[in-house]
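Only one structure is covered here, and it is reproduced in the block below.
Laboratory data are not the source of any read-out in this text; all were calculated from the coordinates shown. All values reported here derive from a predicted model rather than from experimental measurement. Methodologically, a virtual Cβ is constructed for each residue, glycine included, from the backbone with ideal geometry; neighbour enumeration extends over all protein chains shown.
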Amino acid sequence: MRTVVTGGAGFIGSNLVRRLLEQGREVVVADDFSRGSLQNLLDLGIQPSEVGLDPTHPAVDLRDFSQALKVTQGASVVFHLAARIGSIDYLHGSHLNELLALQANLVIDANVFRACLEHNVSKIVYASSTAVYPIDWQHQPGVVLSEADLELPRIEGLTINPEGGYGWAKLMGEVQLGWMSDTLSGIARIFNVYGVNQDLVRAVHVIPALFLKAERYPEEEFIVWGNGQQTRDFLYVTDCIDALLHLEEKASYPPLVANIGSGEAVSIQTIAEKVVALGGKNIPIQYDPSKPVGPISRTADITRARALLGWQPRVSLD
């Protein structure tokens, strides 16, 4: 069974590729290496030739439909993880950045889905995001997000307000899959994932960003953006991969949509204290409430994933 992983050289993608290869599958990676890297694959013991990559010209730009069409040829399953993402500063630094994120991701998704239709791909597993949920809900403490809060196409009395251009693009990706009646699909609304192969150099998520700050101390002060009371839902990458594979198994039409998170709210202060303790340095933690922090709280209700996928997280943050 030929399986294509778009974004397969990225953090989550490379971990998924390794698992698929361990299952004995034929795997093809499509990645433009704007964030992913061949090194991610090599670090996990994966040679480029094992996943259909030419080491001299490995990049696949999914904004070009002809390339999307070529890479999905012969595929039975497509795990579509490729997307243009970035930090708070990048995604929400200006209206132009929001527009660029929206436009790039709309094109990538449209090309991949159209290519899947033309090749009669049986199943698509789509990496959506918690960013599809109304952002105004998440500016108050204690928010737990359920799939029923945003159930397409039934959205009665709900103001659609995803988080920026990235969130809008992900929501439109879900809409497109909802119209692909001949394709089985699973949609993963992924929360904060951490673990092996996460980029520490271009750290855009809180856990690697804090580890990088600890590594740079004392040359740079350990400053946490915000007051530390904002909360997130953190999921280890192997648990995320398990969930994606369960979604493949249970893919359906209409699409099966599931939150993929730990179901636990953890404060940024708690994460900072854990990072400092692991670092072994006597690091004073400073907080800067003037910096942007994104949502105040964002936690997954994973009741549906437990019930319909038979899945639940196994790796504790501790």
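State to the nearest 20 debye the size of the charge dipole of the chain about its Cα centre, where the only charges are +1 on K and R beta carbons and -1 on D and E beta carbons. Display every interim value, and only then the final one.
Details: 25 positive and 36 negative charges, 51 e Å.
Dipole magnitude for the chain comes out near 240 debye.
Dipole of region 239-318 (Lys/Arg Cβ +1, Asp/Glu Cβ -1, origin at the Cα centre): which of VAL293, ALA305, ALA251 lies farthest to the positive side?
Going by the charge dipole, the pick is VAL293.
When you take every Cα atom in the chain, what is the radius of gyration, and what is Dmax, the widest Cα pair distance, in Å?
For the chain, the Cα radius of gyration and maximum Cα-Cα distance read 19.1, 58 Å.
For region 265-304, give the magnitude of the charge dipole about the Cα centre (Cβ charges: +1 Lys/Arg, -1 Asp/Glu; no others), in debye to the nearest 20.
Working: 5 positive and 3 negative charges, 20 e Å.
Magnitude of the dipole: close to 100 debye.
Counting other Cβ atoms within 10 Å, keep those with at most 15, restrict to DSSP loop, and tell me which trypsin sites (Lys or Arg not before Pro) in region 178-232 are left.
For trypsin sites (Lys or Arg not before Pro) across region 178-232 that sit outside H, G, I, E and B with at most 15 neighbouring Cβ atoms in 10 Å, the list reads ARG202.
Sum -39500 (n - 2.57) across every DSSP H segment of at least 4 residues in the chain, then divide by the residue count to get the 222 nm mean residue ellipticity, nearest 500.
-10500 deg cm²/dmol
What does the charge count near ALA243 come to, summing +1 for each Lys or Arg and -1 for each Asp or Glu among other residues with Cβ under 12 Å from its Cβ?
+2
Using alpha carbon centroids, what distance separates region 201-244 and region 175-196, in Å?
Cα centres, region 201-244 to region 175-196: 24 Å.
So which lysines pass the test for LYS250, namely a Cα distance under 20 Å, with those fewer than 8 places away in the same chain ruled out?
LYS123
Please state, rounded to one decimal and in Å, the Kirkwood hydrodynamic radius that region 159-285 gives when every pair of distinct Cα atoms enters the mean of 1/r.
Mean inverse Cα-Cα distance, inverted, gives 16.9 Å.
Which is farthest toward the positive dipole end of the chain among LEU62, ALA75, LEU44, measuring Cα position about the Cα centre, with Cβ charges +1 (Lys, Arg) and -1 (Asp, Glu)?
In the chain, that residue is ALA75.
About its Cα centre, what dipole magnitude does region 1-96 give when the only charges are +1 on Lys and Arg Cβ and -1 on Asp and Glu Cβ, stated in debye to the nearest 20?
220
Where does each of ASP239, ASP43 land when they are ranked from fewest to most other beta-carbon atoms within 10 angstrom?
ASP43, ASP239
Taking the dipole about the Cα centre of the chain, with the C-beta of Lys and Arg at +1 and of Asp and Glu at -1, give me whichever of ALA265, GLN103, TYR236 is farthest to the positive side.
The residue sitting farthest along the positive end of the dipole is TYR236.
Any idea how far apart ASN227 and ASP54 come out in nm if each label point goes 7 Å out from Cα toward Cβ?
5.6
Quick check: net charge around ASP109, other residues with Cβ under 13 Å of its Cβ, Lys/Arg +1 and Asp/Glu -1? Numbers along the way, then the final one.
Working: positive: ARG63, ARG84, ARG114, LYS170; negative: GLU174.
With Lys, Arg at +1 and Asp, Glu at -1, the net is +3.
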